[in-house]
Amino acid sequence: MMKKLRNFIFSMRFALILLFLIVLACVAGSVIPQGYVMSYYTQSYSQQLAGAILLFGLDDVFHSVWFVALVLILCANLLGCNVLRFPALLRRFQGGFTPEHVLASWNGESLTQTRDPEVVFQKNGFRRVQAVQTEEGRTFRYSVRNRVGIWGAWLCHLGMLIVILGFGLGQMTEEEYTVYGVPGETKAVEGTDYEVTIDDFVVELREDDTVEQYTATITVTDTETGESGGGQTSVNAPLSLFGMRFYQNSTGWAATVQIWKDEELIQEDLLCAGEYTLIEDIGSVAVMFSAFYPDYVEDVDGSPGTASSRLNNPAYLYQLYYHNEVIGMNVLTGDEVITLDEYTIVFTDPQQYTLLQIKRDSFAWLTAIGALLVALALILAFYLRTEELWALDNGDGSWSVSGRSVKGGEEFRERIRSSAETAEELEEKNDI
């Protein structure tokens with residue numbers, strides 16, 4: 001009973017079940033936004049679905065206990081498979097490819113007959129042919145090619161194990177940061193010794209006014225050492241610097257808010273949509289830049305919107321707060337301003353900001369090693385597949401030819417039969 005349980009736990013069938021569950025988890029982690037506060041899920045989903053998401057940790061799949069458990073069990077499965085198979089593979093590699101071993105296990109069934117086995121060996125790429133005598137005094141010829149290919153499947157499992165281990169450890173220990181701003185700004189990467197300077201940000205539009213690409217040019221500086229590096233990051237083309245990857249995540253609009261008092265500029269702040277600033281001269285009043293409409297239009301019920309992404313008719317949605325209570329909200333178009341007693345608030349200079357997502361994965365190197373092993377394993381399994389060929393003297397001038405291939409057995413057998421027919425044709429020509 002215990003042996004059956006062990007064999008199942010370390011079987012490929014169990015590995016496929018685990019992989020299926022992990023794939024489902026990854027899909028859930030891709031579809032459901034990760035890492036948001038509880039209120040986000042209760043407001044975005046039905047009560048039952050939000051409860052299920054929070055109960056099963058689907059709001060943070062890759063850090064959940066059950067996902068980590070699945071990964072660890074899969075790692076144990078793959079490790080067990082490799083450990084159990086290794087001794088047998090090693091014995092076969094060291095002593096299983098000999099004429100004596102094959103002759104002892106061969107049942108005598110042949111693929112074809114030929115009078116010239118050398119041609120069959122040569123035409124199929126078998127160069128080193130060994131010959132031994134059977135107990136009956138007949139000659140037995142044997143050759144093997146790509147013996148190392150038997151390690152393909154084993155290395156594939158090992159590579160998968162390392163990839164999963166690297167990915168799992170990376171997800172559990174991954175550091176993630178967010179920086180956003182407009183060209184000319186330098187922002188600290190919170191929790192690190194690095195800062196990011198946004199040198200340029202370009203939004204490329206297609207002819208139909210849809211976005212084709214976002215590209216940010218940045219400089220990253222280690223404030224401890226003064227070392228810096230830079231480059232461009234765009235959607236689907238992250239930049240790697242200082243062991244971190246900088247992703248162009250999204251964009252939005254920013255604007256400059258000017259506060260005037262009796263025609264004197266007393267305060268100027270650059271705000272991204274969703275940010276606010278306190279009027280320093282008052283202290284208890286704040287102005288929020290809520291949204292921006294580059295080509296302002298109103299729909300049939302008067303709700304604000306934009307007709308395009310181009311700055312044709314810019315408009316600013318703002319909110320005024322006094323002691324955290326909203327005291328005003330409206331859309332400013334054209335030369336409109338906000339007037340508050342002797343203060344005038346002006347929105348100007350709209351520009352798009354870049355939002356960068358920064359990730360540092362301490363185990364990316366381990367995942368890369370696993371991926372290289374899988375690639376090597378696939379080469380061994382499919383391009384250097386192990387093949388054996390042997391021929392036994394029948395004593396009447398003919399030879400019984402047989403063989404086997406780890407992969408593509410039927411194609412291998414057809415190739416042997418075809419080369420045997422070629423050998424017969426050559427023999428007949430020589431006889432003539």
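The values are calculated or read from the model by the stated rules, or taken from the named source; none is laboratory data. Everything numeric here is computed off the predicted structure, so don't read it as measured data. Every residue, glycine among them, receives a Cβ derived from its backbone with ideal geometry; neighbour counts consider all protein chains shown. Please note that ligands, DNA and RNA were not included when accessible areas were found on the heavy atoms of the full protein model with its side chains. Shrake-Rupley method; radii C 1.70, N 1.55, O 1.52, S 1.80 Å.
Tabulated data for the structure shown
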{"quantity": "Condition check for LEU356: within 36 Å of the chain's Cα centre (by Cα), touching a residue at least 60 places away in the same chain (Cβ under 8 Å) and open to solvent by 80 Å² or more (accessible area, probe 1.4 Å)", "calculated": "no"}
{"quantity": "Neighbours by Cβ (under 9 Å, 6+ apart or cross-chain): first from the stretch 58-78, charged (D, E, K, R) and assigned to a helix (DSSP H, G or I); second open to solvent by less than 40 Å² (accessible area, probe 1.4 Å) and modelled with pLDDT under 85", "calculated": "ASP59/PRO33; ASP59/TYR41"}
{"quantity": "Residue match in the stretch 85-100 (condition: over 27 Å from ALA15 (Cα atoms), in contact with a strand residue (DSSP E or B) (Cβ under 7 Å, 6 or more places away or on another chain) and either of a type in the set (Val, Ile, Thr) or surrounded by 14 or more Cβ atoms within 10 Å (Cβ to Cβ) (or both))", "calculated": "yes"}
{"quantity": "Output for the stretch 123-145, where each listed residue is assigned to a strand (DSSP E or B), surrounded by fewer than 17 Cβ atoms within 10 Å (Cβ to Cβ) and not β-branched (Val, Ile, Thr)", "calculated": "GLN130, ALA131, GLN133"}
{"quantity": "Wholly within the stretch 157-227, strands (runs of 3 or more DSSP E) carrying at least 3 residues that are buried (at least 18 other Cβ atoms within 10 Å of the Cβ) and touching a residue at least 24 places away in the same chain (Cβ under 8 Å)", "calculated": "175-181, 194-205, 211-222"}
{"quantity": "Of all residues in the stretch 403-418 being in a helix (DSSP H, G or I) and among the hydrophobic types (A, V, I, L, M, F, W, C), the one that is nearest to the chain's Cα centre (by Cα)", "calculated": "PHE412"}
{"quantity": "The stretch 359-370, subset buried (at least 17 other Cβ atoms within 10 Å of the Cβ) and touching an Asp or Glu at 6+ places or on another chain (Cβ under 7 Å), residue nearest to GLY191 (Cα to Cα)", "calculated": "ARG360"}
{"quantity": "Which numbered condition VAL148 misses (of (1) open to solvent by 20 Å² or more (accessible area, probe 1.4 Å); (2) touching a strand residue (DSSP E or B) at 6+ places or on another chain (Cβ under 7 Å))", "calculated": "(2)"}
{"quantity": "Residue match in the stretch 40-57 (condition: touching a Pro at 6+ places or on another chain (Cβ under 9 Å), open to solvent by 60 Å² or more (accessible area, probe 1.4 Å) and modelled with pLDDT under 85)", "calculated": "yes"}
{"quantity": "Answer from THR256, THR277 - the residue that is part of a strand (DSSP E or B), touching a residue at least 40 places away in the same chain (Cβ under 8 Å), out of contact with any Pro (no Cβ under 7 Å at 6 or more places or on another chain) and surrounded by 12 or more Cβ atoms within 10 Å (Cβ to Cβ)", "calculated": "THR256"}
{"quantity": "Within the stretch 314-345, considering residues that are in contact with a Ser or Thr (Cβ under 7 Å, 6 or more places away or on another chain) and open to solvent by 40 Å² or more (accessible area, probe 1.4 Å), the one farthest from ASP209 (Cα to Cα)", "calculated": "HIS323"}
{"quantity": "Which numbered condition PHE97 fails, given (1) modelled with pLDDT of 90 or more; (2) in a helix (DSSP H, G or I)", "calculated": "(2)"}
